[in-house]
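Right, one structure below, let's go through it.
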Amino acid sequence: MAGNEVFILEDDLTMRAMLRIVLERAGYRPVFFADGGALLARLGRSCPACILLDLCLPAESGLDVLGELRNMSNPTPVLIVSGQGDIPTAVRALHLGAADFVEKPFNAGDLIARIEDAGASADTGSPAQADGFKTSWRLTKREQEVLDHLLAGSTSKVIGRKLNLSPRTIEDHRASIMRKAGVKTIAQLAIAAFEATRSNRTVPVAGGARGDASRQNASL
């Protein structure tokens, strides 16, 4: 991992303060920016370990800055952070080259683990998911059908109508899919599925069901 600086584009002062505490405790040096232009300019003189981009900002979104980073072919791993995660946004972030999509509120230990995972993947050039993920996750035929509809953005009621099943049954299938995929949210599921289509490994998605008690020390 290159250096110990973490560049952060975040306008919320409370979140900035919490991120500073969490990152400094983990040995990182957080560097905050008020706008994407300042962050991009600083990249010309520095090589941070990671970049955290808030999705919702007054002037431009984290995705806008991510797009500019992609145009620059900058190799620094980027994590998109949002309190309004959804499947289309998560998938778009991955298409633009984000290493991960982190939903608020998040656990402090989990955030550090994701930063480390992103740096490790960048160093080795290895993505985090497996090709043939539906098989590796051991999904049933019905779960595969439900997954396809979930990734298309359909609700449980809509999926139930299409498959002639009750919404409660769809919810049960969704819970089983997420458990097998090792994720906790639909946004993480979308990331896992997207990454799986471009990978040759079978490691569970970063930030999925991380249960290490040592990481349950704070939530942001």
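The values are calculated or read from the model by the stated rules, or taken from the named source; none is laboratory data. Note that the coordinates shown come from a computational prediction; the quantities given were computed from them, not determined experimentally. Don't worry about glycine lacking a Cβ; one is built from the backbone with ideal geometry, like all the others, and counts go over all protein chains shown. Accessible surface areas use protein heavy atoms only, side chains included; no ligands, DNA or RNA. Shrake-Rupley method; radii C 1.70, N 1.55, O 1.52, S 1.80 Å.
A compact table of results
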{"read-out": "Residues of the range 92-109 classified as open to solvent by 40 Å² or more (accessible area, probe 1.4 Å) and not in a loop (DSSP other than H, G, I, E, B), total", "value": "3"}
{"read-out": "Number of positions in the range 35-51 that are in contact with an Asp or Glu (Cβ under 7 Å, 6 or more places away or on another chain) and modelled with pLDDT of 85 or more", "value": "4"}
{"read-out": "Hits in the range 136-153 (condition: of a type in the set (A, V, I, L, M, F, W, C), free of Cβ contacts under 8 Å to residues at least 60 places away in the same chain and open to solvent by 50 Å² or more (accessible area, probe 1.4 Å))", "value": "Ala152"}
{"read-out": "Every residue from the range 173-188 that is surrounded by 14 or more Cβ atoms within 10 Å (Cβ to Cβ) and modelled with pLDDT of 90 or more", "value": "His173, Arg174, Ser176, Ile177, Met178, Lys180"}
{"read-out": "Test for Ala118: is it modelled with pLDDT of 80 or more, under 16 Å from Val78 (Cα atoms), open to solvent by less than 20 Å² (accessible area, probe 1.4 Å) and in contact with a strand residue (DSSP E or B) (Cβ under 9 Å, 6 or more places away or on another chain)", "value": "yes"}
{"read-out": "Options Val81, Val31, Val22; residue that is modelled with pLDDT of 85 or more and within 22 Å of Ala187 (Cα to Cα)", "value": "Val81"}
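A quick yes/no check of all residues on (1) touching a Cys at 6+ places or on another chain (Cβ under 6 Å); (2) free of Cβ contacts under 8 Å to residues at least 40 places away in the same chain; (3) closer than 30 Å to Leu150 by Cα:
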position: Thr14; (1), (2), (3): no, yes, no
position: Ala17; (1), (2), (3): no, yes, no
position: Glu60; (1), (2), (3): no, yes, yes
position: Thr76; (1), (2), (3): no, no, no
position: Gln84; (1), (2), (3): no, yes, yes
